[in-house]
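Heads up, the thing below is written out as structure tokens.
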Amino acid sequence: MKDRYINPFTDFGFKRLFGSEPNKDLLLNFLNELIKERGRIETLTYLKAEQLGLSEFERRAVFDLYCESETGEKFIVEMQKAKQKYFKDRSVFYSTFPIREQAQRGQEWDFQLNAVYTVGILDFVFDEDKDSPEYFHHHVQLMETKRKRVFFDKLTYIYLEMPKFTKTEDELETHFDKWLYILKNLPRLQERPQRIQERVFQRLFKAAEIARFDPSELAAYEESLKHYRDLKNVIDTGREEGREQGREEGLAEGLAIGREQGREEGRKAGREVGREEGLAQGLTQGREQGLEEGRVKGRLESAKEVARQMKAAGEPVAKIVAYTGLTPEQIREL
């Protein structure tokens with residue numbers, strides 16, 4: 001079955017839903033759900049997405065979306081498809097551009113800044129948070145660590161780890177839940193969910209319907225979808241190879257540990273068995289030796305008693321030696 005709706009994690013899909021003037025109300029609605037605590041944004045203006053450094057030698061930044069509210073607040077909105085080692089660093093670096101561009105040149109300026117928001121919709125999970133499946137909505141500001149209070153509220157980073165959002169349609173409770181459900185499941189839907197019928201979402205489904213594309217839009221979307229699938233395939237292949245390598249390394253390590261533990265346990269068991277066998281053998285040998293010594297001693301005492309009787313009867317020593325096996329010295333000592 002062909003997809004009915006576009007994939008918002010493709011460049012084309014994300015820009016169509018959130019980065020075009022006809023659909024600006026979708027972005028406005030989504031951002032208002034993200035930052036309810038600061039009040040409602042009434043209007044947005046798209047700004048130039050490419051930001052240049054102060055000189056030709058400085059690195060530039062290219063945002064997915066860059067816009068400004070009616071009160072001068074800046075919004076960077078990024079759809080991040082693949083994990084990057086220094087993604088958080090990049091987010092902080094990107095946020096310096098809208099801060100720096102507020103500097104007023106050629107006149108007195110008191111350094112007052114308008115707020116800057118960086119929003120990351122992530123198709124991956126942070127490594128440090130992978131063991132917290134319920135924690136996917138990060139709202140980050142500068143904090144005074146000892147008092148646990150926000151120190152500066154004009155610089156905000158919002159990250160949504162979309163793989164962790166697992167609510168089903170029946171579990172959707174808030175407007176924000178519905179936004180996340182659509183972003184994650186849109187390309188898999190064939191019909192509009194019964195629980196998502198608000199007007200803004202009707203507009204979204206209409207804008208996302210592939211059948212409404214003209215030939216040039218369809219070609220652009222298919223090319224964008226191909227890049228997205230190629231990237232996902234590379235990531236999945238790398239992950240599978242990593243798992244396979246991990247299994248092999250784990251097996252080798254496990255075998256090595258198992259062999260060493262087996263040898264140690266074998267040595268311990270051998271020592272135990274050796275002690276038990278040695279004790280049993282020692283007891284047996286001691287018993288046999290004791291019996292033999294007892295028998296020898298008994299024969300000697302018996303021989304001495306016979307010798308005493310023969311000596312008392314006046315028998316010659318030579319005869320007593322022949323009868324008892326004692327030596328002449330032993331007989332003389334009796």
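Only the coordinates and a few stated rules stand behind these numbers; no lab work does. Predicted model only: the values in this text are computed from it and were never measured. Cβ coordinates were reconstructed from backbone atoms using ideal geometry, including for glycine residues, and neighbour counts include every protein chain displayed.
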Relative contact order (percent) for segment 102-209, with alpha-carbon contacts under 8 angstrom and 6 or more residues of separation? 24
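Ranking request for peptides 142-151, 16-25: highest mean number of other beta-carbon atoms within 10 Å first, then the rest in descending order.
Numbers: 142-151: 9.1, 16-25: 16.6.
Highest-to-lowest ranking by the protection proxy: 16-25, 142-151.
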Phi-derived 3J(HN,Hα) across segment 70-75 with the Karplus relation (6.51, -1.76, 1.60, θ = phi - 60°), rounded Hz, x for Gly and Pro, is 5, 9, x, 6, 9, 10
Taking every pair of alpha-carbon atoms in the chain, what share in percent sits in each 10 Å bin, from 0 to the bin with the longest distance? 4, 16, 21, 14, 8, 5, 4, 4, 3, 4, 4, 5, 5, 2, 0
Per-residue ellipticity at 222 nm attributable to helices in the chain (runs of n ≥ 4 DSSP H, -39500 (n - 2.57) apiece, nearest 500 deg cm²/dmol) works out to -17000 deg cm²/dmol
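Among bridges DSSP assigns within the chain, what percent are antiparallel (round to 5)?
On the way: 18 of 32 bridges.
About 55 percent, rounded to the nearest 5.
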Could you list which residues have their amide H under 5 Å from that of Val119, counting only those 5 or more apart in sequence or on another chain, with H placed in the peptide plane? Ile76, Val77, Glu78, Ile158
5 Å is the cut-off here: which amide hydrogens, built 1.01 Å from N in the peptide plane, fall below it relative to Gln51, excluding neighbours closer than 5 in sequence? Ala61, Val62, Phe63
With angles folded into 0 to 90 degrees, how steeply does helix 199-208 sit against the dominant principal axis of the chain? Use alpha carbons for both and round to 10. 80
What lysines sit close enough to Lys167 to cross-link, taking a C-alpha to C-alpha distance under 16 Å and skipping anything fewer than 8 places away on the same chain? Lys178, Lys184
I'd like the orientation of helix 24-34 relative to the chain: the angle between its Cα long axis and the longest Cα principal axis, in ° from 0 to 90, rounded to 10. 40
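Would you work out if segment 155-233 is rounded, prolate or oblate? Take a ≥ b ≥ c from the square roots of the eigenvalues of the alpha-carbon gyration tensor; rounded if a/c is under 1.5, else prolate when a/b is larger than b/c, oblate otherwise. Could the numbers behind the result be given before it?
On the way: a/c = 1.89, a/b = 1.29, b/c = 1.47.
Since a/c reaches 1.5 but b/c is at least a/b, the shape of segment 155-233 is classed as oblate.
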Computed ³J(HN,Hα) along segment 112-129: with the Karplus parameters 6.51/-1.76/1.60, θ = phi - 60°, integer Hz and x for glycine or proline, the list is 5, 10, 7, 5, 10, 10, 10, 10, x, 9, 9, 9, 7, 10, 4, 4, 6, 10
For the chain the mean separation of alpha carbon contacts under 8 Å (6+ apart) over residue count, i.e. relative contact order in percent, is 16
